[in-house]
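Notes follow the structure.
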Amino acid sequence: MELSAQIDQYKKEIEAFAGENGEAAETFRIKYLGTKGIVKNIMQEMKNVPADKKKEAGQLLNSFKQFAEAKYETLKQLSAISHQPSAKNIDYTLPGDDITIGTRHPLSIVRSQIISIFSRLGFILAEGPEIEDDWHNFTSMNMPENHPARDMQDTFYVQKNPDWLLRTHTSSVQARVMEKQKPPIRIICPGRVYRNETISARAHCFFHQVEGLYVAENVSFADLKQTLYFFVREMFGKDAKIRFRPSYFPFTEPSAEMDIDCLICHGKGCNVCKHTGWVEILGSGMVHPNTLKNFDIDPEIYTGFAFGMGIERICQLKYRVNDLRLYSQDDVRFLKQFAGVV
Ligand SMILES: [Zn+2]
């Protein structure tokens, strides 16, 4: 048979070859383009072609080879398309994948509850830097250099002379407000604070505080008691009881620590209240005249009260969290337990 007639015959076969999957494409490749395939086989015919016909025959064979390769590419594309899901293959009635939604951190929940309660009494939110200078953190708070109370609040120093440190309480925010604003001042200062403590279930090198300050004319200890009593009833329920114990803070005089009756044993005695029936939740007192004077506020005209509490402590009592370290371990098993809290 003539070479050209043979090629025409194969071309007809190739054109008729049908198939839409990978298997069909592979069968085609082996039959026509494989090492023992038809294309290779017919190339052998070149040696039988007389010299004067070689050019013509070469062109013919090359175009046949390209023809077979083009068909193979078409078959491969058809098989790729047939494997993609088409709109008609999708079942829109199947349930979708769950979207996992994060939850608020327990400290954020309690922080906003505290802010919300005090804002109803007219306290305004105030915030300040976590890296503070000595004046705002210690000296202006009636804790001059070498004052023994500084030992209770050892912290991390970023720089010495002049001293820059991680604030030990949010009283530094009170200082920043008092130096800019004249009374009446009624602020609530939440924020992260730092202490040089060994990390354990009961202590951490950082924790969160909310402090409050009210300075105006005729502010008395009775105002302090009533404000904090309101807070406790809002936070822990209307049956919560409070008591004050005399205490010492350099920036308040007189000073008191406030306890609430133990929510776990209701006064009978348990491990949380160390069998006393009472749990300490905050420190408070009337602002020391020296502190007011440091900000050019005349203590003969103005008086004020201040208080401070640890958010972790309130959270521990409210949600019975017995290990401080849980708050910063990012353990999803712990955090997702607060998913339902609003
Ligand atoms: Zn108890």
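Quick notes on this one:
- Of residues in region 270-291 being crowded, with 22+ Cβ neighbours inside 10 Å and of a type in the set (Gly, Ala, Ser), the one farthest from the ligand (Cβ to nearest atom): Gly285
- For the criterion of being farther than 30 Å from Phe338 by Cα and either open to solvent by less than 90 Å² (accessible area, probe 1.4 Å) or of a type outside the set (Asp, Glu) (or both), Val39 passes.
- Residues in region 256-269 that are near the ligand (Cβ under 8 Å from one of its atoms) and open to solvent by less than 20 Å² (accessible area, probe 1.4 Å): Cys262, Cys265.
- Test for Ser4: is it outside any loop (DSSP other than H, G, I, E, B), hydroxyl-bearing (Ser, Thr, Tyr) and under 30 Å from Arg325 (Cβ atoms): no
- Enumeration of residues in region 145-164 that are without any contact (Cβ under 8 Å) to a residue 40 or more places away in the chain and surrounded by 14 or more Cβ atoms within 10 Å (Cβ to Cβ): Arg150, Asp163, Trp164
- Yes/no for Leu94 being open to solvent by 70 Å² or more (accessible area, probe 1.4 Å), outside any helix (DSSP H, G or I) and at pLDDT 85 or above: yes
- Selection count where residues are in contact (Cβ under 8 Å) with a residue 40 or more places away in the chain and either surrounded by fewer than 18 Cβ atoms within 10 Å (Cβ to Cβ) or touching a strand residue (DSSP E or B) at 6+ places or on another chain (Cβ under 8 Å) (or both), scope region 322-336: 7
- Only a single criterion out of (1) surrounded by fewer than 17 Cβ atoms within 10 Å (Cβ to Cβ); (2) not in a strand (DSSP E or B) is not satisfied by Met235, namely (1).
- Hits in region 190-210 - residues which are open to solvent by less than 10 Å² (accessible area, probe 1.4 Å) and touching a His at 6+ places or on another chain (Cβ under 9 Å): Pro190, Val193
- Within the set Gly304, Gly340, the sole residue that is small (Gly, Ala, Ser) and not in a loop (DSSP other than H, G, I, E, B) turns out to be Gly304.
- The residue that is farthest from Asn142 (Cα to Cα), counting only those in region 291-312 that are polar (S, T, N, Q) and modelled with pLDDT under 95, is Asn294.
Yes/no per residue for (1) open to solvent by less than 60 Å² (accessible area, probe 1.4 Å); (2) out of contact with any strand residue (DSSP E or B) (no Cβ under 7 Å at 6 or more places or on another chain):
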site	(1), (2)
Thr227	yes, yes
Lys293	no, yes
Ile297	yes, no
Glu300	no, yes
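- Identity of the residue in region 114-144, β-branched (Val, Ile, Thr) and touching a strand residue (DSSP E or B) at 6+ places or on another chain (Cβ under 8 Å), that ends up surrounded by the fewest Cβ atoms within 10 Å (Cβ to Cβ): Ile124
The values are calculated or read from the model by the stated rules, or taken from the named source; none is laboratory data. Note that the structure is a prediction, hence the values are computed from the model and not measured. All Cβ positions, glycine included, derive from the backbone under ideal geometry; neighbour counts span all protein chains shown. Note: accessible area is taken over every heavy atom of the protein model, side chains too, but ligands, DNA and RNA are not part of it. Shrake-Rupley method; radii C 1.70, N 1.55, O 1.52, S 1.80 Å.
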